[in-house]
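Okay, structure first, notes after.
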Amino acid sequence: MNPSIGYTALILVSVTTALIGFYGLRVSRTTSDFYVASRTVRPWWNASAIGGEYLSAASFLGIAGLIVISGIDALWFPIGYTAGYLMLLFFVAAPLRRSGAYTIPDFAEARLESTTARYVTSVLVVIVGWFYIVPQLHGAALTIRTTTGLPSWVGAGVVVVVVVLTVVTGGMRSITFVQAFQYWLKLTALAVPAIFILLMLAGEGPGTVLQTGTELFPPAAPITGDSSYRTFSLLIALLFGTLGLPHVLVRFYTNPNGAAARRTTLIVLGLLTIFYLFPTIYGVLGRAFLPMPGAGESPDATVLLIPGTLVGGVAGDMLSALVVAGAFAAFLSTTSGLVVSLAGVISQDLLGGSVRGFRLAAVLAAVVPLGFAMMTDSLALAGSVGLVFAFTASTICPLLLLGIWWRGLTDAGAVAGMLTGGLLCGAAILLGSGVAHNSPWRDVLTQPAAWTVPAAFLVTILVSKATKHRRSASLSRFMAKLHVPERPLAQENPRSQAG
């Protein structure tokens, strides 16, 4: 690939992102602007922003890479990513918006009246956010290495610098503008080359599309207990993990009311469905026309290589530049959403909740995962993000679902469940990385959600039942707040007055 393609795309996306972020500085004045855009983001705008931050490196690059190496089994990832939003729509979106909280720890403290529950939740949210940022930086490193030949640290460093600049200048309101733009850039960056290539191949005639005997999806092996378990556990992780992603949940605090939050979720489902058609197309094209990756090669580069390989010439260069721009938009938008959500948690718990504290927290939230990314090698992007979903499903999800829908939840039960799920899932992920491929324990450890999520829920329920005396005195009033439709003017969170 021509290195100038990578340079041009990187510069254009970075400059455009920074300019949009700086524009947000003109309209970000209050603490509420920085944390939740003063709760004034309308459904279409908010849905575009959610699509921008949710469609990460795993979606843009990782799904096509998994299809290349795993075939039709990889299609469970986009199905799970999209279906998770149905869970959000049915169980979380509107009640969470009505809670009046800025962050998940705010919700935990308000629901349970416990500072201990708040701090445990804060630590878990930060861990989830940092582990989710690392694959984005790995994706940026892969992209810059593939397209320009520059060292991997350049790509990760550029993402962190641009994200920090945009977040500290305008906060949530600024990032909303950036992420909405980046969703449509990502969709265009995938759709235009894919449609162009499909039309080109169709024009060349069916005899040139595939070599004789090529099978895009070879017949699957008979389903065994192990493969059934992997699929089931993956779906549990993706469905329940979506409920606890901090950068997604904070978006529902920016809607004017609960009805707008529900409409936002419906629009997001449509946007995700359209988007995921195209990584699937790239994965199929990669299986048909690219050689299987060898040792040291990453299948996650499939999307980056397809346009130049199949089209070539000036047109191929232009399409490649568009894809690279979309890839960087994916890294920037997801990382910026995570940094905003983490900055909100860190600043409120450690730095007083002021705008200055938010800005300092944003720098910390971005720099720490950069260090982890520099010290680790990239796994398959979709697979590594799937582990983050499993951890989130085992920790934050039980708190939210039971906190919203079960009056019996206590602070002791919530803390016990979160710690149990976090320890079990974290230990499984660490142990699974060192287990031999032929070990009977490999699937159980590398896809732990099928047993860690039920364990977390069970411990939460049992401990809550054993500590009924610790139920909040204001439980009835708070539960009514979650489930009774809002007044037109929602009450502002008291923390908005900080700073």
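The values are calculated or read from the model by the stated rules, or taken from the named source; none is laboratory data. From a predicted model like this one, the values you see are computed outputs, not experimental measurements. Remember, those area values only see protein heavy atoms, side chains included, never the ligands or the DNA or RNA. Shrake-Rupley method; radii C 1.70, N 1.55, O 1.52, S 1.80 Å.
By the Kirkwood approach, averaging reciprocal distances over each pair of separate Cα atoms, the stretch 408-465 gets a hydrodynamic radius of 11.9 Å. Taken one residue at a time, the phi angles of the stretch 189-198 give Karplus couplings (6.51, -1.76, 1.60, θ = phi - 60°) of 5, 8, 6, 4, x, 5, 5, 4, 5, 5 Hz. Gly and Pro are set to x. Let a ≥ b ≥ c be the square roots of the eigenvalues of the Cα gyration tensor of the stretch 62-142; is it rounded (a/c under 1.5), or, if not, prolate (a/b larger than b/c) or oblate? Taking the square roots of the gyration eigenvalues as a ≥ b ≥ c, the stretch 62-142 is oblate. Whole-Hz Karplus values for the stretch 358-365 come out as 4, 5, 5, 5, 5, 5, 4, 5 Hz, taken residue by residue from phi with 6.51 cos²θ - 1.76 cosθ + 1.60 and θ = phi - 60°; glycine and proline positions read x. Phi angles across the stretch 425-432 convert, under the Karplus curve 6.51 cos²θ - 1.76 cosθ + 1.60 with θ = phi - 60°, into 3J(HN,Hα) values of 5, x, 5, 4, 5, 5, 5, x Hz, Gly and Pro given as x. With a ≥ b ≥ c the root eigenvalues of the C-alpha gyration tensor of the stretch 226-292, is it rounded (a/c under 1.5), prolate (a/b larger than b/c) or oblate? Since a/c reaches 1.5 but b/c is at least a/b, the shape of the stretch 226-292 is classed as oblate. Structural descriptor for the stretch 271-379: relative contact order 14 percent, calculated from alpha carbon pairs under 8 angstrom and at least 6 residues apart.
Averaged over its residues, the stretch 89-209 has an accessible area of 31 Å² per residue, based on protein heavy atoms and a 1.4 Å probe. With the convex hull of the Cα atoms taken as the outline of the stretch 367-450, the averaged projected area works out to 7.2 nm².
Here's how it looks for L351: its modeled amide H is under 5 Å from none belonging to a residue 5 or more places away or on a different chain.
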